[in-house]
Structure formats: C-alpha cells, structure tokens
1. Select from chain A the helices, each a whole stretch of DSSP H, whose alpha-carbon atoms run 27 Å or more along the helix axis and whose Kyte-Doolittle mean is at least 1.0; answer none if there are none.
2. On average, how much accessible surface per residue is there in chain A, in Å², for a 1.4 Å probe, leaving out ligands, DNA and RNA?
3. Just add up the charged neighbours of A:Ile81: K/R +1, D/E -1, any other residue whose Cβ is under 15 Å from the Cβ of A:Ile81.
4. For region A:90-216, calculate the relative contact order in percent as a whole number, restricting contacts to Cα pairs under 8 Å that are 6 or more residues apart.
5. Based on the inverse mean of 1/r over its pairs of different Cα atoms, what is the Kirkwood hydrodynamic radius of region B:75-375, in Å?
6. Spelling out what I want: for every residue of region B:649-665, take phi, set θ = phi - 60°, compute 6.51 cos²θ - 1.76 cosθ + 1.60 (Karplus), and round to whole Hz; glycine and proline get x.
7. Return a whole-number percent for the relative contact order of region B:75-375, with Cα pairs under 8 Å and 6 or more residues apart as the contact set.
8. Antiparallel as a % of all DSSP beta bridges within the protein assembly as shown, to the nearest 5?
Amino acid sequence: MRKAEIGATTALALHSLCAAGLATGYWLSHSLYSSSLITDPAPTLRILTVCEAPVVILLFSWLRRDHDRCSFIKAVARGLIGLPIGALINAFGTIVLGAPVGLKFWPATIYWSMLMSLFTFVPAACVFGASKLDWQQILSYSKPSNIVDYMLSVPAHGAIIGAWLGAWPMPLDWERPWQEWPICVTYGAIAGHLIGMLFSPVLIFLHRRHIRTKTE
Amino acid sequence: MRMRMRLKAAAAVVLCLHCLGVYLFTRGFLLTRTELSAFSLPSDLLQAQAPCCSESDLPSTTDQDLPGWTPPTVDRVLILIVDALRFDFVAPSSLFETKQKWMDRLSSLQHLASTHPSSSRIFKAIADPPTTSLQRLKALTTGGLPTFIDVGNSFAAPAIHEDNWIHQLLHTGRRLVMMGDDTWTQLFPHHFNHSYPYPSFNVKDLHTVDNGVAHHLVPWLHRQDWDVLIGHFLGVDHAGHIFGVDSQPMVQKLEQINAILQNVTDIMNSQKHLENTMLIVMGDHAQTLNGDHGGGTSEEVETCLFAWMPRSLPSSISSIFHPSTCGLGLNGKNICTSTMQQLDFAVSISALLGIPFPFGSIGRVNPELYALSPGSWDRQWLPASFYEDPSSDLKTWKNNYAHVLCINSWQVKRYIDSYSATSVMGFPSDDLHYITKLYNEAQSRWSDSKNSSCKPENDTIDEFSDFLLSFATLARSAWTEFDLKLMGVGLGIFIISIMFHLFVFERVHSLSNVYDNKTQKSSNHLQIYVAFLLVAVRAVSFLSNSYILAEGRVANFLLATTAIGSIRSSLVYGKIKKHDLVFLILIILIRFGIEKGMSKQAATNPFLNYDSGSDFDLKWLPSLFEGHDFVTLLPEISPMIILFLLSFLSCKYITCTVHSRYIKWVVTVGTMLSYSFIATFWLSERSFAPKMVYVIGLSLFVLNFVLRYLGILEKGETVQRLRSLALVMVSAWSPTILILLGKQGPFVVLVCSIAGWSIISSKNKGLLDDCKMDPISVMQWSLLAICLFYQTGHWCTFDGLRYGAAFIGFDEFKVVRQAILLFVDTFGISHILPIFSLPFLVTIPNSSSSKGRDKTVIFLNLTQVYLLYGLITAITTTFTVLCVAIQRRHLMVWGLFAPKYVFDAIGLLLTDVLICVSALYYC
C-alpha cells in the first residue's frame, strides 16, 4: 500500500512543487515576455498553464489510485485527456455564472479554464480515471479515508471558492484594469488554491493522528 | 384550522408593520415639494392691489406695456457658468491658509475686483443640496429648492414646468442665446433664439464644450441682437471628475477659462453697446478635491459668483453693508468678498432685468448684487417732491431697494399662500403663522413710512429681509433636510417586523418538525443557513452603487451558484439529472436577457458604465446565416410559435391537474381564448383583443375566489386540490402579464415556467421527503423572480418603466387605468406570478410519498414557504432601506438609491399583499 505511506510532510512537499510550477510560470512570463496578468491576461495565463500542466500531471499520475492495473503512462494519458474536458466544464460553469462571451474574451477564457482544470479536474482524473465511486466519494466527504483525497479535494475546492470570491470586485466602478475578466478571478483562484494546498497537509496530519488514536 | 389562521394573521400583521415602516421612512427620506404651475404676469402687481405700489408710485402706470414689476437696471446680462467652480478658484489665495496650485488662476477676475471695487464683486455663493447640475440649474432659474420628488413633474422629460426667469424673459420679448452644456436645451427646449448645445455626458472629454463656447462667444459679443447670453463651461467639472482638483489638467483648464474671461472683459470694455451690461461668472455648484459633488458638504456647496459692470457707479457700496472678508490680491491691492445664497440668484436677476419675479421663487433680491447695477441708483420711485430734497445717492438707493424688497416679499407671500392651498404636504401651521406675522408687520411699517414724511428705510429693509430669510429657512428645512428621527423610527419598525417574522417562522418550523417527527433537523438547518447566507450576500451588496446597478447580474450569479451547488449534490447522490442541466442553460439565457436590458439602461443612465459592445458581442452570430430568409422572419415568427407551444402546454397541464370538470372546461376555454386574442393582437394590432384578454383574466380571477368560497374547488386530495387551485390562479394571470410584456412575453413565460419546473424537480436530493419545505428552493424561487424582473427589460429607475405597456389596448390616457397596466407590467412577472405559484413548491406531481399525506403537514409546509418568501423579501428590503439611509448624502442618492428604495418598498408591500391574498385563497 504505497498510498498509505504519504504523510503530511510529503503532501506539503508535493504541493510546494505545484506551487513552484505556478511561480515559475509567473516568473517566466514576467522576465522573458515582460507580460503581467493585468496588461495581457491571455498570454500570461497560457504560460502559467504550460508551466503548471507537466508538474501537476506527472505528480498526480505518480499518486494514481490503482497502481497494479494502471501504468504511469496511462495515468499521464488520463491527465492529458482530462485537461480539455475539465476546461470545458469550467468554461461552461463560468459562462453560467456570468463570464463575458464576446469574441475578444475567448482566448483568455480558454486559457483560464485550462488553468482551472489543472487546479480542479486534472489531478482527480490522473488519480481516479473514470471510477465513478471515487469521484462521488471525493465530492461528498462521506468517507474521508484517504490521504490523497485530501490532497485532491481541499486545493480544488479552495480554487473554486477563491475564483467565486474573486468575481465580486468585478461590477464595482473603480475602473481599475484588474477588474476585467478574468484577472481578479484568476488571482482569487490562485490564492484559494494556495490556501487549500497549505491547509490540506494540516488536515492530513489531523486525520492521521485521529486514525492512530483510533487504532490504539 | 388554527394553522390556517396563523398564516393569515401573521401576513396581516407583517403587512401592517411594513406599511407603517414604509410610510414613516418615506416621510423622513423622500423630500416632497409640489410644483405649482402658476406663472407671474406683468399685470399681477396692479390687479392684485399689491400693497407696495399705490397708483402714484408706479413710474409708468400710464405706460401699460411695462414689461416687469420693477424698472430694468441693466440692458444686458452675460452669464458665464463654469461648472463645479470652487470658491477658492476665484477668491484671492490670501484668504486661505495655504496657497494651493489651483488658486489665483482666474487672475483676470481678481484684477477686476481689485481695480474696480465699486463696480465688481466676488461672492461666495452657497448652493443648496442636491449639488448636481440638473437640480442646480433648475434652482438657479426658478429660484426654488428642487427635491427628489417634485410632484407634478412629468416623468419622461426633464423640461422645467415651473415659472422661471428664462420663461419671463421670453414673454417680455427679450432675446436669449445659449451655448455650452446641453442640459439647458433639455430644460428649456423652445426658449432660446439661438443655442449651441454640446453633449455633457462624456466626462472624459475635457475640451469639446469649452472650445465650442469659446468659438461662439466672441462673435456674439460683437453682435447687438441679444439681451441675455448664457455660456456654460463644463471642462472644470470634467477635469475634476477625472483628475481631481489638485492636478495639472485642472490648472490648465482654469488658465484656459481665464484667457477666455480676459478676452470677454476686454471686449466689454471696448464695445459701446456693452457698456450697461452685467457680466456674471458663476458656478452651479462646487466640488470636493476629488472632483465629486452632489452632497451637502461645505466643499460641494460653496461655489462662487463674480459680477462686474463696465460702467462705474456713483459711489462705493461697500460702506452700506456688513464688513466682508478681504484679502490681498495678486497685484497687492485689497479684494473683498461677500456671501450670498444661490437661492437669491433668480429673483435678483429678475429685478436687474426688470421682469416679473418667477412665481415659485423664494429668494431675496441680493442687495450687493442689486447695488452693482447703475440703474438701481436712479431716482425711480420717488415722488416729484422728493427731487428737491438734497438727499444723497445712498438714500435714493435705499428707497429703491426697499421698494424692490416690498414687491419681493409680496411675491413670496403669494407663493406661500398658494402653496399651502394646493400642496400635498404643506408647512407646519405654527411656522406659517409666525411667517405671516412677520410679513404683516413689515407691510404695515412700509405703509406707515410712506404716509409719514420720514423714511426709515433701514428698518423697512431689515423687516422685509427678516421675513424673506425666515421663510427661506423654513423652506430649506422642509425641502432639503432629511428627518432623521422619522427615518430611524421607520427603520426600527422594519427591524421589529423582521423579528416578528423570524419568531413566527421559527414557531411554525418547530411545529412542523414535531409533526414530522423525523430527525432531519440538522440537514434542514444547514439549508436554512445557506439560504440566509445568500440573502446576506445580496443584502450587503446594496451598500454599493455599482452592485445596485448590477443587481440583475448579481442575482443571476447567486442563482447560478445555487444551481451549480445542486448539481454537485446530484453528483454525490447519484447522477446528474436532466433538469439540472436544463436549469443551467436557462440561467445562461436569462443572463443574456439581463445583459441586453443593462445595455438598454446604459443608453439612458449616465452612472452606468456598461460597455455592451465588448460584453455582449454576438454580432458574429447572425452573419453566419446571412442570406437566408428565415433569419429575417425568425423574430416575427418565433413569438407565435412559442405562444402556440405555451397554450398547448398549459391546456394539457390544466386537463391533467384540475379535477373538477366544469372548472377544467371554463379555465381551458378561457386560456385558449386569451392566447388566441393575443395572437390576433400581434397579427392585426386590433385594440379590442387586449381588452378581451384583460376582461377574461379579471373574470377568471374573481371567479376563482367565488368558487373557492362556494366550496366547489374543495374536491379531491389536499395536494391535488392545492395544485389545481394554484394552477387556476396562475392561468388567470399569465395571459395578461404575457401580453403586457410584448413580443418577448412568450419566451419569458416559457423560460420562467421551465425554470420553475427545474427548481421544483431539483429540490430534495433524497434527504427530505417530497412535501417538506426546502429553504434553498424558496431562495432560488426568489432569485429567479429578481432575474425575471431584469430580464424583461425593467430596472429600478423611473425611466426603466416600460411606458409602452400601459397603452396596449388603449389609445387615450387615463391615469388610473394606465397606472394599473403599468403596475401589472412592472411587477407581474417578478411578484404576482412567482408568489401565486409558490404552492407548487410543496406539491410535487407524481411523487409517491405525497399521496395520503396529512393535511396539516402540507399546510404547515405551505405556511413555511410563504413565511420564508416574505422573510427573504423583507430582509433584502430592510437592507435597502438601511443602505439608503447610510448613503443619503451620496452623489447618486437621487439618481440611484432613492429610486431603488421606491421600487423595493413598493415591491415589499405588494409581496405582503399578495401573501395575504394567497393565504386567503389557498388556506
């Protein structure tokens, strides 16, 4: 049982790798292309996605659920397929919530939903594949048995709640450039994701202590 | 039976509390003034036997074509309005603690003030809030105090309907020229002989208006065919809004204005025909350092008025008046400034030009401004015997001024009398009594002084001034000051009613838990918390003007959030059902409708910065189908198709649901007839068809109540009975609402019925049994109602009312009838239909567990649904009230917060009334 070996510290390390991916993307866009999220959101989001995607897919493929039946390559392939599917779901969700649909917003929306897919959908796709039961379990918290579940669920929920909160400044009449779609939503999502990644090791630590006291 | 009484009693109590709260808060907050339509006429003074002029007094009683009440003292007036002119732009910087970079820029005015102290003057002009351009221009021309509700105002056009000096000038044959801000031409569409309006909306454009005025001003100064010229510069206001006062663009703007003014004064000095012309440079209001205005802080109200005559005067006037504040000007000479009320401007300029004073003016002829004109020093009214008297010029002037003030007081008294006789809310009688006493004393002293040989002008002037100033104070307190005490009491009553509401709801809720005696308490509580969290988010958002403007989108956002949440729980308990997805797609459709409504609103609302081009950019869509005939026909045909679909669906549903055979027959026929009348109306525009629809709707509504009380609808099981009652009620109302909504109607009604169906089907994810009240569903129902309000092209301002709807089926205007139609159009889809269809939430069709349920439980649930719906509306409205009270000095209080309050208050009272009606009908 490899999955049981992952502790809070390992989880923290893995999460910091993901965060490092994001930071690299931000640094790259800043130094190489001298573009920031505010001035030109679409290219920056593209660079962020490109940098984050390999990190997330490789990491979570290594954490895949059924090690015996599923090879590493297969898990990576699941992640790659999951990326556009998750992006589609995220894009649909934001349009329902009121994201602009004009032609000039399309590139930004596409890259933004890719990034959101990396935060939410892709990790779970790598780990679970198409197992319906696992998906239901992770959504319901009914059996928080697994440590990987925390690693998947807490940062993903953090990203979604962060993006939801990040949309609130958009209607205000401050006329700041960052109020445009999808800039503040992206900031919110990244912030929520980072908070979730910090929070999940804590939960894992508590969970393991709980199990230990139970077995004793 | 006790349960049924409970909803009725609770609803009635809540309705009463809300009525009281709304009444008190409105009395304190919405300052009301009645506009009188009377106009002053030149002959008024003689006809009314005004005490000021005995026959011998009037200089030209023989001369019947005397245009005014007083002889004109100047030939022409040149008024240059600099929008948002602060006092410290004009006054010498030595009057202020520190010299800022925007001070002393209008050096040409300071130069005049210091070199011609007798013929020029700088005033600190105090404006009355609201300090927005439209209200200020209205006040400057009518001499009144405009408020939020000027009763008698026509809603559509801002044109001034009260008496004003522009009107008086026109009727005494003077020639008017206007250039600059196009607000003037909106207010006075037909008054100017020549006008050069420039658009005032684009705040970012600093130069178009000013350059336009500068371009036209100089040529007109060389012409002789004008009497009053108004130039309105906007650049200073716009520079303030964009960059703030402490900025380089503001300094440049002031220097540009200074150059224009220098040019104007040079021309006036050189041209012979401008010798007896008064130059007035003034602001309509001031601004804060950030460039904001609208409120009542001293920074916003302290504007400036500068007046100058090229012709010099017999003697200096400063000796007569109270010492004013003086400071050193740029050239080292002393400059003195005085203070005046902007309220006095209208009557002062009327006295200067010798026209009848505007009927509704409540100002006093300002002595210093009046003394600037050489004509006021002429011996106008003095009897011949007086000429031998070697009296000083000063004495002559005082006599003249006392005479003008007498006429002024008579005119204000006349206004007070006719206002008290006709207005909705008059003045307190004690104050009126005191004012009348002051007036009588002043008049008696005036007539005494005329009969006796001695002329104590000083006393007379003081007494008249006292009367005029007291009345202005009284009018200010009635028309511009909020009654905070009343507002507080009103708000308190709202909060008490929420407490009561919560108490009743909690009682019913615990009662239903006892009846149910199942242990789902915790999950139900969680849902209540989620619902209240959503209400809280919505309620807090009203604190910001941006969120009020975007309310439709916010409601849609929250609705989408609940829909996504319900999909998530669908996933947890099984798989996604199709109604969940349908609901999401409907939310997208509703969202596009809301955005379309907002882009329409943005065309008329200067506050709404809604870039429809970038956000709702689907223009590429039709181009895909270009060249096909059906695309052009689609907007014509699709309402018909949807209408047909709707009538089919509703008839089918009625036949399935309603069990009583006669009712079924009557309702089906009624619905079919209504829908076919709607189709005939759209095809042929015959006006009898809508009338028939209204008649059928009304008679079905009445019939329902009659049958309900005769007990004919009592048959069947409780759930089925409730459902058929609700269905009959909804089918009575929907055709009327549909036809009023116009061609978008069928689509909207279809969307709202499918959305309602989705909400009903998506509630209770296996946790609760079917008839249990689900707070989230009620919340969704209420959010959907708000979305529908905005989707149908309404918004919370008076220009958002769809006036066209009031004339569907009628050509001529009758107040009550058209008001009812407009009311039904505005609140039909967002209040009437959702509230009458609430019973569907507790009676789900085809559910196994709802059969054979205890009657009491179902009514308990129904009571809870209605109480919760009322509570949600009450909480949001209470927050609107609170936010309006907090933001009462906000820049947009009259443009945005007050209309929002009016709409919400009416919506709340309507909700309460509808809940009472539903309680009578369903329980």
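The values are calculated or read from the model by the stated rules, or taken from the named source; none is laboratory data. What you see is a predicted model; the values in this text were computed from it and never measured. Cβ sites come from the backbone with ideal geometry, for glycine too, and all protein chains shown count toward neighbours. What goes into the accessible areas is simple: the full protein's heavy atoms, side chains included, and nothing from ligands, DNA or RNA. Shrake-Rupley method; radii C 1.70, N 1.55, O 1.52, S 1.80 Å.
1. Details: long enough: A:8-31 (33 Å, 0.77); A:41-62 (31 Å, 1.35); A:72-97 (36 Å, 1.66); A:106-128 (30 Å, 1.36); A:147-166 (28 Å, 1.22); A:183-215 (48 Å, 0.78).
The answer, listed by residue number, is A:41-62, A:72-97, A:106-128, A:147-166.
2. Values: 10550 Å² over 216 residues.
Per-residue value: 49 Å².
3. Details: positive: A:Arg64, A:Lys74, A:Arg78; negative: none.
Once all neighbours under 15 Å are counted, the net charge is +3.
4. Working: 116 pairs, mean separation 32.3, N = 127.
Relative CO of region A:90-216 lands at 25 percent.
5. In region B:75-375 this quantity evaluates to 19.1 Å.
6. 4, 5, 5, 5, 5, 5, 5, 6, 8, 6, 9, 5, 5, 5, 4, 3, 4
7. Details: 658 pairs, mean separation 104.3, N = 301.
So the answer I get is 35 percent.
8. Values: 16 of 46 bridges.
Around 35 percent of the beta bridges assigned by DSSP in the protein assembly as shown are antiparallel ones.
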